[in-house]
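Step one of this worksheet: look at the structure below.
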Amino acid sequence: MSNLKKNILYFTLFLSFLLLGLLVSRVQANNAELTLATNGLSTSAKEITTLNKVPIKQLLAYVDQNYAKEKVQIQLTNKTENSQILVWSNFDLTKLPIEKGRFLTKSDFDGIIPFALYTKYSSADVEEIQGNPYILYDNRYISVVGSLREGYQKDNYYITTGLHQTTNKNFLNDYTLVIDGLSQKQYSSIAHHIGGKVKQPRFIQKIMQDRQQPVYLFALAVFSILVGLVVATLLGIGTRRANKNTELRDSLFQSLQTNIVIRFGGFTLVLAGLALIISHYFFYFSQISQYVWLLVILLVILNINFSMIVLPKSTTKKVNKGLDIK
């Protein structure tokens, strides 16, 4: 096989690695968009409606007492001002992308002082005092601990609530209540406690209807793997044929073939590393480890395929009976 053909095949192999990077990037971007669309909640979150004047504090006390071992997040969207969301959680929240500062932690909900989080598009009444942003809420200033990234273009702003915070004094019927992190049975228990009903949030219904996992993503993954296998096969066949013409005994021939397999493995590793760097730099990656694992699996498959073709099946096979090396 000529060097030109080999270079073309290696370049094709490199493109298959990049294609795999594009696949992972697209999947992670879809997941990130879903997270943004659901305000940091999972698609298993449930809305509980009630017409009863149940204090927020009563709900928090019930959840804290009965589901302390679960990772629960509660979001209360003000029905009068839809962009205002009260948040409570019994664990650190990290899902939404932060541009500056930090997201809300468990200690923010356990303390007596409420904190806020907003975006540059927020409709909140934000004022700066001595260089620090504050949100005016219920005639008092709430300290802002962070802002969401610029790409998050909703006008929502988040204020903590908790068992010991003044933001817990309002009533549930004035809010749209969404809870995340529990089972269907547990949601039903909460609904029974506050005299409400469980249903799927409207925004999650819309997302699940609109969001279809693109078939092309799966096709892209299969195609990139097939391309890699075809290239490895062609390289293996070409190398095998070329080396069969060498006048070497079995032991030397096997050593040559083994050396070629090792070099192929090293070179494909270099190509994969280069593709990893380029993909990470140009594509969206929230978890680079996912791409690394896919590359490792693909490299193992390619090298096994190449080795099975190139390496001789038996060390006793004669390559050239006419040459005698002592």
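The values are calculated or read from the model by the stated rules, or taken from the named source; none is laboratory data. Only a predicted model underlies this, so the values are computations on that prediction, with no experimental measurement involved. Methodologically, a virtual Cβ is constructed for each residue, glycine included, from the backbone with ideal geometry; neighbour enumeration extends over all protein chains shown.
Return yes or no: is residue 63 outside any strand (DSSP E or B), surrounded by 16 or more Cβ atoms within 10 Å (Cβ to Cβ) and either out of contact with any Lys or Arg (no Cβ under 9 Å at 6 or more places or on another chain) or not assigned by TED's automatic domain parsing to the domain that holds residue 136 (or both)? Here the answer is yes, as residue 63 does meet what is asked.
Inspection of the stretch 191-204 finds a residue satisfying the criterion of being at pLDDT below 75 and not in a loop (DSSP other than H, G, I, E, B). Looking only at residues in the stretch 162-177 that are in contact (Cβ under 8 Å) with a residue 60 or more places away in the chain and buried (at least 23 other Cβ atoms within 10 Å of the Cβ), the one that is farthest from residue 138 (Cα to Cα) is 177.
Among the residues of the stretch 93-122, those that are surrounded by fewer than 16 Cβ atoms within 10 Å (Cβ to Cβ) and hydroxyl-bearing (Ser, Thr, Tyr) comprise 94, 107, 121. When we screen 53, 100, 69, 57 for residues that are assigned to a strand (DSSP E or B) and among the basic types (Lys, Arg), the only hit is 100.
All of 43, 77 fail the test of being surrounded by 13 or more Cβ atoms within 10 Å (Cβ to Cβ), in a strand (DSSP E or B), touching a residue at least 12 places away in the same chain (Cβ under 8 Å) and of a type in the set (Val, Ile, Thr), apart from 77.
At pLDDT 90 or above, of a type outside the set (A, V, I, L, M, F, W, C) and in a loop (DSSP other than H, G, I, E, B) - does that describe any residue in the stretch 107-122? Within the stretch 107-122 (the criterion being at pLDDT 90 or above, of a type outside the set (A, V, I, L, M, F, W, C) and in a loop (DSSP other than H, G, I, E, B)), the answer is yes, since at least one residue qualifies.
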